[in-house]
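The values are calculated or read from the model by the stated rules, or taken from the named source; none is laboratory data. This one's a predicted model, so the numbers in the text were calculated from it and none came from an experiment. Note that we place each Cβ from the backbone using ideal geometry, even for glycine, and neighbour counts take in every protein chain shown. Note: accessible area is taken over every heavy atom of the protein model, side chains too, but ligands, DNA and RNA are not part of it. Shrake-Rupley method; radii C 1.70, N 1.55, O 1.52, S 1.80 Å.
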Amino acid sequence: AVWTVMYNADLMLKALVGLTSRFGKIRPVLVTAVAYPMNAKFRTGLTLAMFSLVIFTLMVMSLVNNAFKNVFSDTDRITGQWDISATVSPNSPVTDVLSGIETSPFIAASDFDAIGGYVEGAVKVRQIGTNNKIWESYTVIVGDDDFLSNSRYNFKIFGEGYSTNAQIWSALAADPKLAVIDIGAISDDDGGFREPSGSLKIEGVKLEDEVMTPFIIEVEEPRSGRQFQYEVIGILDSAADLSGIVASKSSVDAALPFPIPITTYRFRTIDNSDVRKISKGLESTFVRNGMESTVLGDELAETVSFITSFYNLVTGYMGLGLVVGIAALGVVSMRAVVERRQQIGVLRAIGYRRRMVQLSFLIESSFVALLGIAIGVALGTVISYNVVSEIQNELDGIKFSVPWTQICIIIGIAYFFSLLTTFLPARQASNILPAEALRYE
């Protein structure tokens, strides 16, 4: 882009001259301002490349960061509309959560709209009906009926015969032979945005599909060696915080010779309740079970804050590169005053006023700065749009949007300080007297 601009600047100059033809005073100043940087194409090109590269990087960081923030702002979609997540030690499981809540002095059963639990573990998995017979490592999440029937996670791909999210969750609670799986197992061959919960790769299903034919997977529990099968009827939404195979706990209880206690509970509170207070009340109620609870909305907000802080940190480091680019414009302007001392004297001698000379230097700096900003903004926007569009294939809901306030601040600061570093050399050049300048050879 820089190369193209530098070697077609004469066309840009003709266009600018045509646009300013009605303004007689600006036209000679403009021609003079653009002519000098075009005579030193290599030096001007390097300055322009450095300036535009930093603007380009800042644009990409800002636009991609903004796109991801839009996704993480949808808390209900990520958490399945659960408000609190709580874990207990498998060595001291809770026998009856609802009974414990009803007898608690800290919380009441009326505080909750739904309560469910699940346990997560590592298993061996393989897809039935394919040439690949190798067992792959994966994660399985088996929940009780309350968890499955009250979950409101979305699905990326629906199995034939199912058209709504509620239908699939109701089917999982009713039939222990059914399951769903996270989108990580359906990633493209060239690698997906989200890593799977193991090495399993499902064949016959693509990310762009909306409906699929249900397929069979075989699961082996590593400790007991017991095997059982699931019919997968849906692919979870990419934003869901569940990662693995999700099925009914009754299927595992029937297949294994030993009981598996629930270690993770999800709670949905009633509207307008104090979620943080209820979360602390759960920990106090089940302190003997070692329960640790987390408000999912707060946890998600911390994640977004961390991601935003990381992007801001990188953006700040890139901003240092912008300082270097702006300083380079100032150095070029100061050097131009020395190199063009005689030219300035001639211009003053033929009628250029001080303001015209000063304006010529400011326009010269603006020419490089605005070209760099235009190249960086244009290419940064195009690249960011392509990146976000590619990620949309796997992460539904991510949208390309421009944070105009942040972009305008970056552009405004860059342009302002570019003029500021040029102002002193421009003022120095405008104070050169014709007779004094023409003494030097």
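A few remarks follow.
- Selection status of residue 309, out of contact with any helix residue (DSSP H, G or I) (no Cβ under 9 Å at 6 or more places or on another chain) and either open to solvent by 30 Å² or more (accessible area, probe 1.4 Å) or within 30 Å of residue 240 (Cα to Cα) (or both): yes
- Every pair of residues 6+ apart whose Cβ atoms lie under 6 Å, when the first sits in the stretch 147-161 and is open to solvent by 60 Å² or more (accessible area, probe 1.4 Å) while the second is assigned to a loop (DSSP other than H, G, I, E, B): 152/80; 152/81; 160/213
- A count restricted to the stretch 98-124 and to residues that are out of contact with any strand residue (DSSP E or B) (no Cβ under 6 Å at 6 or more places or on another chain) and closer than 12 Å to residue 146 by Cβ stands at 1.
- The lone exception for residue 167 - which of (1) modelled with pLDDT of 90 or more; (2) out of contact with any helix residue (DSSP H, G or I) (no Cβ under 9 Å at 6 or more places or on another chain); (3) assigned to a loop (DSSP other than H, G, I, E, B) it fails: (3)
- Filter result for the condition that a residue is in a helix (DSSP H, G or I) and open to solvent by less than 70 Å² (accessible area, probe 1.4 Å), over 334, 318: 318
- Each residue in the stretch 371-401 was checked for being of a type in the set (Gly, Ala, Ser) and surrounded by fewer than 20 Cβ atoms within 10 Å (Cβ to Cβ), and 5 of them qualify.
- Filter result for the condition that a residue is modelled with pLDDT of 95 or more and touching a Pro at 6+ places or on another chain (Cβ under 9 Å), over 186, 233: 233
- Qualifying residue in the stretch 258-265 (condition: farther than 17 Å from residue 97 by Cα and either modelled with pLDDT under 95 or within 30 Å of the chain's Cα centre (by Cα) (or both)): yes
- Screening the stretch 58-89 for residues that are in a helix (DSSP H, G or I) and polar (S, T, N, Q) and picking the one that is nearest to the chain's Cα centre (by Cα) gives 65.
- Pairs where the first residue, in the stretch 240-269, is farther than 18 Å from residue 222 by Cα and without any contact (Cβ under 8 Å) to a residue 40 or more places away in the chain and the second is open to solvent by less than 10 Å² (accessible area, probe 1.4 Å) and outside any loop (DSSP other than H, G, I, E, B), C-beta under 7 Å, 6+ apart: none
- In the set 219, 287, only one residue is open to solvent by less than 10 Å² (accessible area, probe 1.4 Å), of a type in the set (A, V, I, L, M) and modelled with pLDDT under 95; that residue is 219.
- When the stretch 337-357 is filtered for residues that are open to solvent by 40 Å² or more (accessible area, probe 1.4 Å) and either under 12 Å from residue 423 (Cβ atoms) or β-branched (Val, Ile, Thr) (or both), the ones remaining, listed by number, are 338, 346, 350.
- Per the listing 284, 305, 238, the residue uniquely in a helix (DSSP H, G or I), of a type in the set (S, T, N, Q) and within 28 Å of the chain's Cα centre (by Cα) is 305.
- The residue that is nearest to residue 419 (Cα to Cα), counting only those in the stretch 358-370 that are open to solvent by 30 Å² or more (accessible area, probe 1.4 Å) and under 40 Å from the mean Cα position of the chain (by Cα), is 362.
- Filtered residues of the stretch 258-277 (kept if touching a Ser or Thr at 6+ places or on another chain (Cβ under 6 Å) and either more than 25 Å from residue 185 (Cα to Cα) or of a type in the set (Asp, Glu) (or both)): 275
- Selection count, the stretch 120-138, where residues are open to solvent by 20 Å² or more (accessible area, probe 1.4 Å) and assigned to a strand (DSSP E or B): 7
- When every residue of the stretch 243-252 is checked against the conditions, at least one turns out to be modelled with pLDDT under 90, surrounded by 15 or more Cβ atoms within 10 Å (Cβ to Cβ) and not in a helix (DSSP H, G or I).
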